[in-house]
1. Let me check I have the definition right: for the chain, take the eigenvalues of the Cα gyration tensor, multiply each by 5, take square roots. What are those semi-axes in whole Å, largest first?
2. Using only the C-alpha atoms of region 15-119, find the volume of their convex hull and express it per residue in Å³.
3. How about region 5-57: which chymotrypsin sites (Phe, Trp or Tyr not before Pro) there lie in a loop by DSSP and see at most 13 other Cβ atoms within 10 Å?
4. Just to confirm, what accessible area per residue do you get for the chain at 1.4 Å probe, in whole Å²?
5. Give me the distance between the Cα centres of region 1-58 and region 127-158, rounded to whole Å.
6. May I ask you to compute the full-extension gain from ASP105 to LYS41, defined as 0.36 nm times their residue separation minus their alpha-carbon distance, rounded to one decimal in nm?
7. Any chance you could run the full-extension gain for GLU27 through TYR165? It's 0.36 nm times the residue separation minus the Cα-Cα distance, nm to one decimal.
8. Based on the Kirkwood radius over alpha-carbon pairs, what is the Stokes-Einstein translational diffusion coefficient of region 123-175 at 4 °C with 1.567 mPa s viscosity, in µm²/s?
Amino acid sequence: MSAITKKICLLGDFSVGKTSLIRRFVENMFSEQYLSTVGVKISRKSLKLKTDLDTHQVNLLIWDLEGHTRFKSITPTYLKGASGSIIVADLTRSKTLNNLSHHIDFFLEINPQSSVIIALNKADLIPQEKLAKLMELYGAHHSTQVVQAYPTSAKTGAKVNEIFYELSHSILARS
Ligand code: GDP
Ligand code: MG
């Protein structure tokens, strides 16, 4: 079994649930309280991924970046060397959905060969019909680097493992 270490980043506006998605994935925990992220925090998790030929161990280094625009000037340094990104928006705040493409372009400008997954988070707060409509509006993206969009919930855990595994599979396929 081969082992590789890959850096991924979560990006998105303030309070969309970046830290909560990481916490759900790494520790299987959730808190209603806002735990503000200052600067950057790196979490680790190892995944076993099966491909046709082999089983791979992927050691993820998950970089959590603070969302305030005032830190934007230092963000490019943090994004350098990332193999993939989960770009997060909050389904209850349309401004964060409209900012998705900005975050995607920003990330891909620095890492043009990397993979991107879109997480439309806080799906637990949205009625099912509205969710389908929002997925249609914001889930599509024209860059070939964007693998897929998922409605996620850090609160219930819905699709949280999926986004990290899907991104890791895509990174593995590219490397
Ligand atoms: P960040 O600034 O993007 O890191 O956002 P946080 O992870 O700190 O989350 C911001 C707020 O949204 C917190 O109060 C969380 O409890 C809440 N939150 C995050 N994800 C979800 C979710 O999927 N559902 C609900 N209902 N609340 C969430
Ligand atoms: Mg945070």
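The values are calculated or read from the model by the stated rules, or taken from the named source; none is laboratory data. All values reported here derive from a predicted model rather than from experimental measurement. So basically every Cβ, Gly included, is an ideal-geometry build from the backbone, and we count neighbours across all protein chains shown. With ligands, DNA and RNA removed, areas are computed over all heavy atoms of the protein, side chains included. Shrake-Rupley method; radii C 1.70, N 1.55, O 1.52, S 1.80 Å.
1. Working: eigenvalues 106, 67, 57 Å².
Ellipsoid semi-axes (Å, largest first): 23, 18, 17.
2. On the way: hull volume 13.0 nm³, N = 105.
Considering the Cα atoms of region 15-119, their hull volume per residue is 124 Å³.
3. Values: sites: PHE14, PHE25, PHE30, TYR34; in loops: PHE14, PHE30, TYR34.
Answer in residue order: TYR34.
4. Numbers: 9140 Å² over 175 residues.
For the chain, the solvent-accessible area averages 52 Å² per residue.
5. Cα centres, region 1-58 to region 127-158: 18 Å.
6. Working: separation 64, 0.36 × 64 = 23.04 nm, distance 2.25 nm.
Result: 20.8 nm gained on full extension.
7. Details: separation 138, 0.36 × 138 = 49.68 nm, distance 1.55 nm.
Gain in length upon complete extension: 48.1 nm.
8. Details: Rh = 12.4 Å.
Translational D for this selection: 105 µm²/s.
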